[in-house]
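The values are calculated or read from the model by the stated rules, or taken from the named source; none is laboratory data. Everything numeric here is computed off the predicted structure, so don't read it as measured data. Ideal geometry is used to build each Cβ from the backbone, glycine not excepted, and the neighbour counts take in all protein chains shown.
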Amino acid sequence: MAASPQLRTLYDVQQLLEKYNILVHLGKRLWDIELMTIELEHVYTAGLIDVKIYMNARAVLNREREYELRTQKDKSKWSVNHHGR
């Protein structure tokens with residue numbers, strides 16, 4: 001049995017999905033992450049990847065989603081504080 005791929009970054013998850021001809025680029029990083037999460041679920045439920053790979057990829061996507069949400073929140077605070085609203 002082949003070793004499980006090491007998934008550490010969003011790029012790694014993109015590469016995993018590309019193995020199944022799934023290419024995601026919607027133009028906004030958060031949207032890409034959301035769609036990759038849905039597509040990953042489909043790949044897993046189809047039995048194409050095992051639970052270990054699925055959970056690893058989900059952890060990466062969850063971490064990246066949280067980062068994006070935090071970044072957007074910080075940008076929103078900055079905009080309010082610097083525009084006097």
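Conditions (1) among the aliphatic types (A, V, I, L, M); (2) at pLDDT 95 or above, marked per residue:
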residue	(1), (2)
Asp12	no, yes
Lys19	no, yes
Gly27	no, no
Asp32	no, yes
Ile49	yes, yes
Met55	yes, yes
Lys77	no, no
His82	no, no
Can you name the residue in the stretch 4-42 that is hydroxyl-bearing (Ser, Thr, Tyr) and in a loop (DSSP other than H, G, I, E, B) and, of all such residues, is surrounded by the most Cβ atoms within 10 Å (Cβ to Cβ)? Tyr20
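Which of the residues spanning the stretch 43-62 are outside any helix (DSSP H, G or I) and of a type in the set (A, V, I, L, M, F, W, C)?
Result: Ala46, Leu48, Ile49.
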What is the residue count in the stretch 56-75 for residues that are hydrophobic (A, V, I, L, M, F, W, C) and either exposed (fewer than 12 other Cβ atoms within 10 Å of the Cβ) or under 19 Å from Lys28 (Cα atoms) (or both)? 3
Residue list for the stretch 12-31, restricted to those being farther than 17 Å from Ile53 by Cβ and in contact (Cβ under 8 Å) with a residue 12 or more places away in the chain: Val24, Arg29, Leu30
What is the residue count in the stretch 55-69 for residues that are farther than 12 Å from Leu7 by Cβ and in contact with an Asp or Glu (Cβ under 9 Å, 6 or more places away or on another chain)? 1
